[in-house]
Every structure is written in C-alpha cells, then in structure tokens.
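I have placed the structure first, in the form of structure tokens, so that the comments after it can refer back to it.
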Amino acid sequence: VAFSILDPFGASWKFDLPISEYGTVSGEFKLPESALPGYYATSSDIPNFYGYFNVANYRKPGINLTVEMQPADAKASQTIQATISARYFFDAPVAGMNVQWNLYTYPASFSLPGYQVGNYHSFWYMPGNTYYGDRTQSGEGVTDADGMVHLTFSDLPAMDDTQKLTLEVIAQDESGQQVAASANALRHPADYYIGLRPDLWVGQ
C-alpha cells in the first residue's frame, strides 16, 4: 500500500508498506535530517485513511523543576503550603534562580458513586479564559541555597462548592530555555458531603 507524508511547507515523501495476512499494515518511515518542525499530514491509497502528527525540535532542559502542594485535600479555611524545587539533572540544587508562579481555581466535584452531590450550578459553570481556570494570585520568587521556594496560601477567596487549585510555575534554565511545572490540590467547602438519590424510578 502506498503512503504519503506531507509537511506544512509543501515537501512530501512516499513509501510502500506490505499488507499482512490479517489485512493490517505496520511499518515505519524515518524523516530526513532536512525535515522542518511543524504539523505533518499522512495519507494513503486506503479509503478514508488520514492522520496528523507534530514534528518538533526537542532539547532537554538544564534543570528539573517540580512543584508540590500540601495538603492535597484541604478545607475551605485551611492554609495550603507549596514547595517549588529546582535541581540540575546531576542532582545539585539550583540556587538564585527566578521563578514566576500563578495560582488558578477551577470548579470541581466530589464523587459518591450513585449519588448526586454538590451544587447544581457547578456542573454547568465554565470558568474563564485559561486552561487551568481563573487566575486568583500570581507572584515571583528566588530559589534559596537548597534550590527551593516556599509559598503559603492562607487568604484564598471564599467558596461554596468544591474547587481544584492549580499552581503553575515557570522558570528559565541557564541557556534561556523555559521550563514549567504544576501541581494540584482540592478545596472542600465543608467537613463532609451529602449525597441524594431516589429509591425508585417510575416511567409511563
């Protein structure tokens, strides 16, 4: 079966793959060194066959950036601690590095299998303009001698339903390459949840 790969700049490559006794096709094609980054398309003589993939230049960053939030499940009034760690891949701390952070909130839910739980509006509300939800806080920090930045969130906004918090951290390694990391925690509006379900359904 003939296959074609087309890059976003008009270059294309063709190759053939054999059909097995089970009617399947399997194989590989190595792009040439001259191939440029971008979104590529594939096609073949097989009806309705098409596919897409992304080609990128990957360069391993010089540091390993991690984030942790504690507790992972918190009450609405509870203080949340966050730890940002930056270390070289040979496990030495990265001291004196600037980091930027953003804290986002997103509606979440608590699951009791078979029961309806939480405010009705939480299943219909779609938050703001970002992937993580609404940004509530942001700031900057500098790693200490141990490559750490410690953050405390004690003045979080009031809530009446479960929320997911996401802390996103962005920094640059010594070559100027940007690295990022994130962590999540859940905020619960009360000590416990009440679930409701009918004992009987009736239809006509």
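The values are calculated or read from the model by the stated rules, or taken from the named source; none is laboratory data. Just so you know, these numbers come straight off a predicted model, no measurement behind them. Neighbour counts are summed over all protein chains in view; Cβ atoms, including those assigned to glycine, are modelled from backbone coordinates with ideal geometry. Remember, those area values only see protein heavy atoms, side chains included, never the ligands or the DNA or RNA. Shrake-Rupley method; radii C 1.70, N 1.55, O 1.52, S 1.80 Å.
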Starting from segment 43-54, take each residue that is in contact (Cβ under 8 Å) with a residue 40 or more places away in the chain and list its partners that are open to solvent by 100 Å² or more (accessible area, probe 1.4 Å) and hydroxyl-bearing (Ser, Thr, Tyr), counting only C-beta distances under 8 angstrom and pairs at least six apart or across chains. SER43/TYR50
Answer yes or no: is there a residue in segment 69-87 that is modelled with pLDDT of 95 or more, among the small types (Gly, Ala, Ser) and under 17 Å from VAL179 (Cα atoms). yes
Which of the residues that make up segment 20-36 are β-branched (Val, Ile, Thr) and surrounded by 10 or more Cβ atoms within 10 Å (Cβ to Cβ)? VAL25
How many of the residues in segment 97-136 are surrounded by 15 or more Cβ atoms within 10 Å (Cβ to Cβ), part of a strand (DSSP E or B) and modelled with pLDDT under 85? 1
The residue from TYR58, TYR50 that alone is touching a Ser or Thr at 6+ places or on another chain (Cβ under 9 Å), open to solvent by 100 Å² or more (accessible area, probe 1.4 Å) and either within 28 Å of THR143 (Cβ to Cβ) or of a type in the set (Ser, Thr, Tyr) (or both) is TYR50
Mind checking which residues of segment 156-191 are farther than 19 Å from ARG135 by Cα, in a loop (DSSP other than H, G, I, E, B) and either aliphatic (A, V, I, L, M) or free of Cβ contacts under 8 Å to residues at least 12 places away in the same chain (or both)? GLY176, ALA190
Would you tally the residues in segment 178-196 being more than 20 Å from TYR104 (Cα to Cα) and either in contact with a His (Cβ under 6 Å, 6 or more places away or on another chain) or basic (Lys, Arg) (or both)? 0
Suppose we filter segment 61-96 for residues that are in contact with a Phe, Trp or Tyr (Cβ under 8 Å, 6 or more places away or on another chain), more than 20 Å from ARG187 (Cα to Cα) and outside any strand (DSSP E or B); how many remain? 2
Is one or more of the residues making up segment 61-83 farther than 30 Å from ARG135 by Cβ and surrounded by 12 or more Cβ atoms within 10 Å (Cβ to Cβ)? no
Of all the residues that make up segment 143-155, how many are without any contact (Cβ under 8 Å) to a residue 24 or more places away in the chain and open to solvent by less than 80 Å² (accessible area, probe 1.4 Å)? 0
Residues satisfying the stated conditions in segment 162-177, i.e. under 30 Å from PHE110 (Cβ atoms) and open to solvent by less than 20 Å² (accessible area, probe 1.4 Å): THR162, LEU165, THR166, LEU167, VAL169
Which residues, taken from segment 192-204, are without any contact (Cβ under 8 Å) to a residue 24 or more places away in the chain and of a type in the set (Val, Ile, Thr)? VAL202
